[in-house]
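First comes the structure, then the notes that go with it.
The values are calculated or read from the model by the stated rules, or taken from the named source; none is laboratory data. Given the structure is predicted, the values throughout are model-derived calculations rather than measurements. Note: ideal-geometry Cβ built from the backbone for every residue, glycine included; neighbour counts use all protein chains shown.
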Amino acid sequence: MTLLIRGGRVIDPAGSVDAVQDVLIEDGKIARVGARLAAPPGTAVIDAAGTWVCPGFIDMHVHLREPGHEYKETVATGTRAAAAGGFTAVCCMANTQPVNDNRAVTDYIRSKAESEGVVRVYPIGAVTRGLEGKELAELAELAEAGCVAFSDDGKCVMNAELYRRAMEYTLPFGAPVISHAEDHTLSRAGCMHEGVVSTELGLPGIPAAAEDVMVARDIVLAELTGAHVHIAHLSTAGAVRLVRDAKARGVRVTAEVTPHHLLLTEDAVRSWDANMKMAPPLRSTRDTEALIEALADGTIDCVATDHAPHAVSEKEGEFDQAANGVVGLETAVTLLLDRLVRPGLLSVATLVSRLSRDPARLLRLPGGSLGAGAPADLTLIDPDGVVTIDPARFKSRSRNTPFAGWTATGRPCKTIVGGKVVWEA
């Protein structure tokens, strides 16, 4: 099939392109990008005037819950939520049931994605068996089966010697180890950020140091081994400083940040809404400002949603007993456009890069570019589209968002995977 996307503002940071142009797609790949391209006979045409045409967005940190927790999410519902949010690819974490710590589970996820998914799905394998932090999973087997990274996300591998061995073991694969940086001995009793608000509310707090000390440890181990460590859901100003300094020394460390840590602070917990409860917790205004600055200057490499669906029952009851995590696939892009790009805190090109080129390079994935021969994965944005976030309309099976009722300007309007439109507004 041949498809021509005509007259949109093409924003491709990988190719240093930002201009009104056409994009020609043939056989699921980008054929050409240029002004006033001729369409071969029989070409389908999308009029993209007034929209932004971007490389397909990649979310490198989601929880699809399948196998084992299908009442929260499935590969089918999660990938439809991704498409509705403008994402053409997602990387799914290993904390399924059974855990993705062996080839059989990886094969199952990939088979489900092929038969029921509407966007690309890249599995992330566990670092340790059963996420128990006691012995390494079959890392070589997982890499061979198609895992693009390794992580015990949701749990920190507290054993430094074991984590060192994991980093050394992954060196031949070139895949990063993704760190859930949380010292459980500092955080285990807490349910929100430790500070003035936690004191006023009488809730046990999690100090920023619980993240900082593990980020420091993992940077030291990466420097020792030469491995690539990626810090998931960075949330503190201290961790930003550590990553920035390590990068300046040439350590192979990268990092991501979530939309909720960019847009919300600990003050949101005053609502007692359990949709404000996540790990790491919402931090201080100072931390949020440091995260935005780091995202802009490249210290933080990409935005990832940490999409964590939960049933309503798991978010009900007392705040400190509720499950950690929020959904994010269907809200991330529109909120970042409205709250960061429109006020000038982040340029359009930078946001597009942090959602496409940078995660693709980090994980060595196809995509992230509109260069000739690249997969025809594209996200089209209506910069003037107004959205009011309504969880009842989510494609996701879960509704646990902290942003219900927010209104934003700027939204994905078409998601194209392999040259096929898989979602449109």
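For segment 253-285, the set of residues classified as buried (at least 20 other Cβ atoms within 10 Å of the Cβ) and part of a helix (DSSP H, G or I) consists of PRO259, HIS260, HIS261, LEU262, LEU263, GLU266, VAL269, ALA274, ASN275, MET276, listed by residue number. Out of ARG110, ARG80, one residue alone is closer than 29 Å to CYS413 by Cβ, out of contact with any Asp or Glu (no Cβ under 6 Å at 6 or more places or on another chain) and among the basic types (Lys, Arg). It is ARG80.
Would segment 411-419 turn up any residue that is assigned to a loop (DSSP other than H, G, I, E, B) and not assigned by TED's automatic domain parsing to the domain that holds VAL62? Yes. Here LEU171 meets each of (1) farther than 13 Å from ALA222 by Cβ; (2) modelled with pLDDT of 95 or more with one exception, condition (1). For segment 380-397, the set of residues classified as over 19 Å from SER271 (Cβ atoms) and either buried (at least 16 other Cβ atoms within 10 Å of the Cβ) or out of contact with any strand residue (DSSP E or B) (no Cβ under 7 Å at 6 or more places or on another chain) (or both) consists of LEU380, ILE381, ASP382, PRO383, GLY385, VAL387, ALA392, ARG393, PHE394, LYS395, SER396, ARG397, listed by residue number. Tell me whether segment 414-421 contains one or more residues that are within 28 Å of HIS69 (Cβ to Cβ) and in contact (Cβ under 8 Å) with a residue 60 or more places away in the chain. Yes.
Scanning segment 327-351 for residues being buried (at least 23 other Cβ atoms within 10 Å of the Cβ) and either touching an Asp or Glu at 6+ places or on another chain (Cβ under 8 Å) or among the basic types (Lys, Arg) (or both) gives a total of 3.
The criterion of at least 1 residues that are free of Cβ contacts under 8 Å to residues at least 24 places away in the same chain and surrounded by fewer than 17 Cβ atoms within 10 Å (Cβ to Cβ) is met, among strands (runs of 3 or more DSSP E) falling completely within segment 25-107, by 29-34.
Considering the conditions (1) within 18 Å of the chain's Cα centre (by Cα); (2) closer than 22 Å to GLU289 by Cβ; (3) among the charged types (D, E, K, R), ARG357 is excluded by exactly one of them, (2).
Any residue in segment 15-23 that is in contact with a helix residue (DSSP H, G or I) (Cβ under 7 Å, 6 or more places away or on another chain) and not small (Gly, Ala, Ser)? Yes, there is a match, as at least one residue in segment 15-23 is in contact with a helix residue (DSSP H, G or I) (Cβ under 7 Å, 6 or more places away or on another chain) and not small (Gly, Ala, Ser). Counting only helices (runs of 4 or more DSSP H) that sit completely within segment 306-395, zero hold 3 or more residues that are modelled with pLDDT under 95, in the same structural domain as ALA94 (by TED's automatic domain parsing) and under 30 Å from LYS155 (Cβ atoms).
Among residues that are assigned by TED's automatic domain parsing to the domain that holds LYS134 and under 20 Å from THR288 (Cα atoms), VAL229 is not included. Candidates are the residues of segment 286-314 that are over 18 Å from the mean Cα position of the chain (by Cα) and buried (at least 20 other Cβ atoms within 10 Å of the Cβ); the one that is nearest to HIS180 (Cα to Cα) is ASP287. When GLU211 is tested against the conditions (1) in contact with a Pro (Cβ under 7 Å, 6 or more places away or on another chain); (2) part of a loop (DSSP other than H, G, I, E, B); (3) not polar (S, T, N, Q), the lone failure is (2).
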